[in-house]
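The values are calculated or read from the model by the stated rules, or taken from the named source; none is laboratory data. Fair warning: this is a prediction, and the values are worked out from it, not measured in the lab. So basically every Cβ, Gly included, is an ideal-geometry build from the backbone, and we count neighbours across all protein chains shown.
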Amino acid sequence: MIHISWSRHNSTSRLDEIAHIERWGTENNLKLNCTKSKEIIFKARGVRGKSAQPPATCLNIERVSSLSVLGVTVNDRRSASDHVSNLLESCSRLLYAFCVLHIHGLPSVSLQDVFRTTILAKIQYCSPAWFGYCSAADRARLDGFLKRCKRRGFCEKELPSVTQIFDDADNIFFAGILKTINKFCRHSYLIVLFYNINLGNAHIITS
C-alpha cells in the first residue's frame, strides 16, 4: 500500500510519485500493476470537503470511494459506516449456522463459546483502528445486533455494549504496548549496567 499526500497546490506531484515508483520497480525487476491498483482521496468533512475539486484520475488507476485494507473498509469520508455495514452483513450470514446448531441440540454454553470465537472475534478485529471513526448511529447498529443475538440465546445476557467491549480491547492493546516498552527499557538498562561493570566502573548508570 502506497500513501501519497497532495493538496490543490501540488496535485500534479502524485503523478511524479507514481512515475518514480514505476522506475524504481523497473530497476528492481518489479512492475507496478496499475489495473490492480486503486486510488482513494480522503476529503475534509463539511462544506470544505464538498467544495474541493479533486484532480484528474491517474493513468490506468481506478478511483474508488471505499477500499478494504487488511479486512477493514475505509472510505473517502473517513467514516466507519461502510465497515460497520459490511461487518453486520457478514455476521448476519453466520447467524443461520447458529440456528442450525441450536436446532441440532448444541448446548447453550457451547453455542456461546462458538459465538465468542467467531462473531465476537470478527466484530473486535482491528477495533482500535476503526472504532474511533464510528458515529452514534454505527454504535447503535452494532448494539442492536448484539441485542438480537442475546434474545436468541447465542451469547451471554451479561455481554456489555460495544463501547465497553472496544474500550476493554483498547486497554488490553495499550497495556501490551506499555509492557513491551518496559521490557525493552529493562533489557537496555541491563545491557548498559553489564557494559559498565565489564569496564570496571562501580557506579550504576540510569536514564
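Exactly one residue out of Phe184, Phe194, Phe166 is modelled with pLDDT of 70 or more, assigned by TED's automatic domain parsing to the domain that holds Leu106 and either farther than 30 Å from His104 by Cα or part of a loop (DSSP other than H, G, I, E, B) (or both): that is Phe166.
Exactly one residue among Phe154, Phe145 is at pLDDT 90 or above and either surrounded by 14 or more Cβ atoms within 10 Å (Cβ to Cβ) or not aromatic (Phe, Trp, Tyr) (or both), and that residue is Phe145.
Of the listed requirements (1) among the charged types (D, E, K, R); (2) closer than 21 Å to Ile165 by Cα; (3) surrounded by fewer than 12 Cβ atoms within 10 Å (Cβ to Cβ), Arg93 misses just one: (2). Only a single criterion out of (1) on the phi > 0 side of the Ramachandran plot; (2) touching a Lys or Arg at 6+ places or on another chain (Cβ under 6 Å) is not satisfied by Gly153, namely (2). Kindly evaluate Arg63 against the criterion of being surrounded by fewer than 16 Cβ atoms within 10 Å (Cβ to Cβ), under 28 Å from Phe145 (Cα atoms) and either modelled with pLDDT of 85 or more or out of contact with any Cys (no Cβ under 9 Å at 6 or more places or on another chain) (or both). No.
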